[in-house]
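Here's the structure, in structure tokens; my notes come after.
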Amino acid sequence: MARMQEDDARQALRTVEDPEAGMSIVDLGLVYAIHCEPGRVRVEMTMTSPACPAASYLVDEAAAAIRALAPEGTDVQVELVWEPPWTPERMSPEAQSRFGWS
């Protein structure tokens, strides 16, 4: 079975924008891990806060973005994790600069 590459999955996730921040979940440092194997992609991601109102929306959008590029029949799982806790240091330099964290 065909296998999606981690770089392709990361590019797909770059299209998912946090509606509150107006930036991709990758640049915000919300994507912790991407595991690709034949027929399966599993993503571990977090939110800036456990109380984030957009959590289920972002999980659904992340899964949809990967499914759009993954080989047909690929099992896509996006798991919300809270360890380690998110910190602004996880953001890309561009995101840090935009939000005044640099």
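The values are calculated or read from the model by the stated rules, or taken from the named source; none is laboratory data. The structure displayed is predicted, hence computed values, not measured ones. A quick note on method: Cβ atoms are made from the backbone with ideal geometry, for glycine too, and the neighbour counts reach across all protein chains shown.
The figures follow:
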{"read-out": "Subset of the stretch 22-37 [surrounded by fewer than 17 Cβ atoms within 10 Å (Cβ to Cβ) and in contact (Cβ under 8 Å) with a residue 40 or more places away in the chain]", "value": "Tyr32"}
{"read-out": "Filter result for Val41 (without any contact (Cβ under 8 Å) to a residue 60 or more places away in the chain and in contact with a helix residue (DSSP H, G or I) (Cβ under 7 Å, 6 or more places away or on another chain))", "value": "yes"}
{"read-out": "Leading residue by the ranking (nearest to Arg14 (Cα to Cα)) among those in the stretch 48-84 that are in contact with a Ser or Thr (Cβ under 8 Å, 6 or more places away or on another chain) and part of a loop (DSSP other than H, G, I, E, B)", "value": "Val81"}
{"read-out": "Yes/no for Glu94 being within 22 Å of Ala9 (Cα to Cα) and modelled with pLDDT under 95", "value": "yes"}
{"read-out": "Close pairs (6 angstrom Cβ cut-off, 6 or more residues apart or separate chains): surrounded by 12 or more Cβ atoms within 10 Å (Cβ to Cβ) and at pLDDT 95 or above in the stretch 63-90, basic (Lys, Arg) and not in a helix (DSSP H, G or I) anywhere", "value": "Gln77/Arg42"}
{"read-out": "Out of Arg42, Arg98, sole residue that is at negative phi and in contact with a Cys (Cβ under 9 Å, 6 or more places away or on another chain)", "value": "Arg42"}
{"read-out": "Single residue of the stretch 38-55 satisfying the filter (closer than 15 Å to Pro85 by Cβ and of a type in the set (A, V, I, L, M, F, W, C)) that is surrounded by the most Cβ atoms within 10 Å (Cβ to Cβ)", "value": "Met45"}
{"read-out": "Number of positions in the stretch 4-36 that are part of a loop (DSSP other than H, G, I, E, B), of a type in the set (D, E, K, R) and at pLDDT 95 or above", "value": "2"}
{"read-out": "Selection status of Trp101, in contact (Cβ under 8 Å) with a residue 12 or more places away in the chain, loosely packed, with under 14 Cβ neighbours inside 10 Å, assigned to a loop (DSSP other than H, G, I, E, B) and touching an Asp or Glu at 6+ places or on another chain (Cβ under 9 Å)", "value": "yes"}
{"read-out": "Residue match in the stretch 10-21 (condition: buried (at least 19 other Cβ atoms within 10 Å of the Cβ), farther than 19 Å from Phe99 by Cβ and either out of contact with any Phe, Trp or Tyr (no Cβ under 7 Å at 6 or more places or on another chain) or not aromatic (Phe, Trp, Tyr) (or both))", "value": "yes"}
